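Enquirer: Pasting in a structure now, in structure tokens, and then I'll have a few things to ask.
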Amino acid sequence: MWKWEAEGQAKAVVVFIHSAYEHHRRYAWLIEKLRTSGMHVITGDLPGHGEESRRKKAHDEDFRDYAKFIRQMMQIAFTYNLPIFIIGHGLGATLAIQIERKHKYECAGMILTSPWMHLIHQPSKLSNALTGLSKLTGNMKIHHDITVKQLTRSYEFYKEEKDDIYYNSVITVNWYRELHQFMKNVVIATEEFPDIPVLLMNGGNDKIVSPAHSKKWLMQQNISELQYKEWKVCYHDLYQEPERNDIYQYMESFIYNALRNIGYII
């Protein structure tokens with residue numbers, strides 16, 4: 001777990017949750033933008049990700065371990081006694097929804113990008129994954145085969161990340177089953193989501209998930225202040241797209257408006 005602190009008086013604290021298969025270092029640009037905008041940033045690699053992924057042949061983590069790690073980040077964030085924003089991307093966005101619904105943290109707002117609620121890009125061995133005849137099948141390893149070219153249109157990011165040794169999309173069948181059950185539980189949950197400001201952004205040309213499903217989820221929530229933005233030509237990783245400066249400015253405006261609404265002077 002890592003902390004990046006703003007210079008001078010901070011306005012807020014951001015807890016950032018990355019997506020599946022990746023690691024927090026891929027978001028160095030975003031972390032620095034937030035920090036120089038006057039926000040402390042708390043983040044880190046989800047269990048089994050980042051450096052840990054090099055010691056593992058496949059992701060087989062318990063989703064409860066992901067939740068425990070996020071709760072630890074939230075505990076650190078609260079020690080600053082500042083407004084807290086949760087930013088979640090991909091699977092990290094779905095994890096953020098679930099943990100906020102369960103624990104109802106007093107947050108100034110939540111920013112969700114490309115939540116995993118309905119995957120349109122499936123592992124190549126999906127049929128084997130979902131129709132295994134024995135318990136042993138659950139330990140079978142499959143490739144989700146999500147490549148950098150499917151995540152972003154940015155050639156610069158592709159050159160930087162195409163040989164990333166910490167990116168690993170090999171998973172077990174059991175992990176994939178748990179993922180689908182987790183996504184289903186988030187979508188159909190009857191427990192009311194807390195009334196905090198929410199900004200949800202999708203790429204209109206996402207190759208990994210269906211933007212329509214997360215938009216539908218958002219519109220079904222009983223939230224006083226919500227925003228939905230679809231960046232029409234963008235792929236999945238909005239913070240790595242050529243338009244990322246515009247995307248950041250949109251997000252920053254949401255954060256500043258939320259702070260003003262609770263009495264903070266920007």
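Every number in this text was worked out from the coordinates using simple rules, so none of it is lab data. Here the structure is a predicted model, which is why all the values come from computation and not from measurement. Note: ideal-geometry Cβ built from the backbone for every residue, glycine included; neighbour counts use all protein chains shown.
Enquirer: Of the cross-linked pairs Lys162/Lys207; Lys102/Lys141; Lys104/Lys216; Lys159/Lys216; Lys3/Lys229, which ones have a Cα-Cα span greater than 25 Å in the structure shown? Please report the intermediate quantities before stating the final value.
Expert: Details: Lys162/Lys207 17 Å; Lys102/Lys141 31 Å; Lys104/Lys216 21 Å; Lys159/Lys216 35 Å; Lys3/Lys229 29 Å.
Check vs 25 Å cut-off fails for Lys102/Lys141; Lys159/Lys216; Lys3/Lys229.
Enquirer: Follow-up. Under 5 Å between amide H atoms, partner at least 5 residues away or on a different chain: which partners does Ile87 have, H built in plane at 1.01 Å?
Expert: Val15, Phe16, Ile17, Ile111
Enquirer: What does the charge count near Ser19 come to, summing +1 for each Lys or Arg and -1 for each Asp or Glu among other residues with Cβ under 10 Å from its Cβ? Mind showing how you got there, number by number?
Expert: Details: positive: Arg26; negative: Glu22, Asp237.
Neighbourhood net charge equals -1.
Enquirer: Let me ask something additional. Just to confirm the filter: which trypsin sites (Lys or Arg not before Pro) across the stretch 178-266 are DSSP coil and have at most 14 other Cβ within 10 angstrom of their Cβ? The partial results should precede the final answer.
Expert: On the way: sites: Lys184, Lys207, Lys215, Lys216, Lys229, Lys232, Arg244, Arg260; in loops: Lys207, Lys232.
Filter output for the stretch 178-266: Lys232.
Enquirer: Using the alpha carbon gyration tensor of the stretch 138-266, what are the three equivalent-ellipsoid semi-axes (square root of 5 times each eigenvalue), largest first, in whole Å? Could you put the intermediate results ahead of the total?
Expert: Values: eigenvalues 170, 106, 32 Å².
The equivalent ellipsoid of the stretch 138-266 has semi-axes of 29, 23, 13 Å.
Enquirer: Also, quick follow-up: Please compute the contact order of the chain in relative form: average sequence separation of alpha-carbon pairs under 8 Å and at least six residues apart, divided by the residue count, as a percent. Walk me through the numbers before you get to the answer.
Expert: Numbers: 488 pairs, mean separation 54.2, N = 266.
20 percent.
Enquirer: Would you kindly calculate the translational diffusion coefficient of the chain, applying Stokes-Einstein with the Kirkwood radius from alpha carbon pairs, for 4 °C and a viscosity of 1.567 mPa s, and quote it in µm² s⁻¹ without decimals? Can you show the working numbers first?
Expert: Details: Rh = 18.8 Å.
Estimated diffusion coefficient is 69 µm²/s.
Enquirer: Right, something else. How far is helix 173-188 tilted off the main Cα axis of the chain, in degrees rounded to 10, range 0 to 90?
Expert: 40
Enquirer: State whether the stretch 1-46 is rounded, prolate or oblate according to the following rule on the C-alpha gyration tensor (a ≥ b ≥ c being the square roots of its eigenvalues): a/c under 1.5 gives rounded; otherwise a/b larger than b/c gives prolate, and the remaining case gives oblate. List each step's numbers first, then the result.
Expert: Working: a/c = 2.74, a/b = 2.10, b/c = 1.31.
Because a/c hits 1.5 or more and a/b exceeds b/c, the stretch 1-46 counts as prolate.
Enquirer: Let me ask you something else. Determine the distance separating the Cα centre of the stretch 6-83 from the Cα centre of the stretch 150-185; give it in Å without decimals.
Expert: What the calculation gives is 17 Å, centre to centre.
Enquirer: Provide Ile17, Ile265 in ascending order of the number of other Cβ atoms located within 10 Å of each residue's Cβ, fewest first.
Expert: Sorted ascending by nearby Cβ count, the order is Ile265, Ile17.
Enquirer: Compute the helix-to-body angle for 244-261: its Cα long axis versus the longest principal axis of the chain, expressed 0 to 90° and rounded to tens.
Expert: 50
Enquirer: To the nearest 10 degrees, how steeply does helix 91-103 sit against the main Cα axis of the chain, on a 0 to 90 scale?
Expert: 60
Enquirer: Further, regarding this structure: Just to confirm a number: summing +1 for Lys and Arg and -1 for Asp and Glu over residues other than Ser154 whose beta-carbon lies under 13 angstrom from that of Ser154, what do you get? Walk me through the numbers before you get to the answer.
Expert: Working: positive: Arg26, Lys149, Arg153, Lys159, Lys162, Arg244; negative: Glu156, Glu160, Glu161, Asp237, Glu241, Glu243.
Combined, the nearby Lys, Arg, Asp and Glu give 0.
Enquirer: Please give the calculated 222 nm ellipticity per residue for the chain, where each DSSP H segment of at least 4 residues contributes -39500 (n - 2.57) and the sum is spread over every residue; nearest 500 deg cm²/dmol?
Expert: Values: 9 runs with 97 residues, N = 266.
It lands at -11000 deg cm²/dmol.
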